[in-house]
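To start, the structure itself, in structure tokens.
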């Protein structure tokens with residue numbers, strides 16, 4: 001399997017002197033095509049920092065971040081934004097949909113920002129909404145949808161086009177358990193179709209959807225094979 005995402009010796013430091021905080025310390029990590037990786041750890045362990053750096057939303061203090069062979073740390077803000085529109089999909093816990101845009105318009109937005117025609121962008125958006133099972137809600141606004149429906153729109157926006165890296169930060173946190181399981185099933189299906197996925201979660205039952213579990217503590221990777229309890233969950237992975 002080829003590595004879609006590769007972090008090499010990544011350190012992220014905030015502040016200076018007595019106020020200095022190491023969010024990540026020398027983290028090396030990879031996610032491969034067809035693989036869903038769960039990232040777990042206690043609060044403050046660096047999980048979200050890892051994800052924001054992997055998605056080009058933040059830059060490491062040291063180290064490199066490659067997405068499909070492109071070093072994000074060597075790109076300027078414009079280059080990283082383009083990568084997020086074309087190669088990286090980010091699913092936020094809080095959905096981050098634009099209230100004034102319909103579901104289809106929210107999903108089409110990154111394609112249009114990348115210069116695609118409105119017609120082509122809408123066509124791609126409808127295909128992505130169909131993939132997550134809500135094509136019939138294409139012209140509905142976020143405030144007129146349930147939380148689960150809004151998260152499906154957010155996932156459609158993350159996978160629209162040919163994006164090969166899907167990053168999800170606690171994507172089920174605001175959802176009931178049944179809807180949350182469906183969201184995880186959608187992420188799993190996208191990885192099975194060839195994308196690489198990274199899922200930040202604090203729940204072992206959600207990590208059970210992953211192929212591999214990475215544990216962080218105090219900004220350091222302490223285990224990449226998975227603890228015994230999680231390995232047992234992986235052996236009892238939900239039906240897909």
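The values are calculated or read from the model by the stated rules, or taken from the named source; none is laboratory data. Computed from a predicted structure; not experimentally measured. Positions of Cβ are generated from backbone atoms using ideal geometry, with glycine treated the same way; all protein chains shown enter the neighbour counts.
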- Message: Please determine whether any residue of the stretch 94-103 is at pLDDT below 90, in contact with a strand residue (DSSP E or B) (Cβ under 8 Å, 6 or more places away or on another chain) and surrounded by 15 or more Cβ atoms within 10 Å (Cβ to Cβ).
- Response: no
Sole miss for residue 31 among (1) in a loop (DSSP other than H, G, I, E, B); (2) surrounded by 18 or more Cβ atoms within 10 Å (Cβ to Cβ); (3) on the phi < 0 side of the Ramachandran plot is condition (1)
All conditions in (1) free of Cβ contacts under 8 Å to residues at least 40 places away in the same chain; (2) over 24 Å from residue 123 (Cα atoms); (3) surrounded by fewer than 19 Cβ atoms within 10 Å (Cβ to Cβ) are true of residue 202 except (1)
Over the stretch 34-70, the set of residues part of a strand (DSSP E or B) and over 16 Å from residue 200 (Cα atoms) is 62, 63, 64, 65, 66, 67, 70
Would you be able to say whether some residue in the stretch 2-14 is crowded, with 22+ Cβ neighbours inside 10 Å and out of contact with any helix residue (DSSP H, G or I) (no Cβ under 7 Å at 6 or more places or on another chain)? yes
Subset of the stretch 34-62, residues within 21 Å of residue 162 (Cα to Cα) and surrounded by fewer than 20 Cβ atoms within 10 Å (Cβ to Cβ), comes to 34, 52, 57
Those helices (runs of 4 or more DSSP H) completely within the stretch 129-211 that have 3 or more residues that are within 21 Å of residue 103 (Cβ to Cβ) are 147-159, 177-192
Residue 151 fails exactly one of (1) touching a residue at least 60 places away in the same chain (Cβ under 8 Å); (2) more than 20 Å from residue 55 (Cβ to Cβ); (3) buried (at least 19 other Cβ atoms within 10 Å of the Cβ), namely (2)
Residue count, the stretch 1-28, condition under 19 Å from residue 188 (Cα atoms) and not in a strand (DSSP E or B), comes to 2
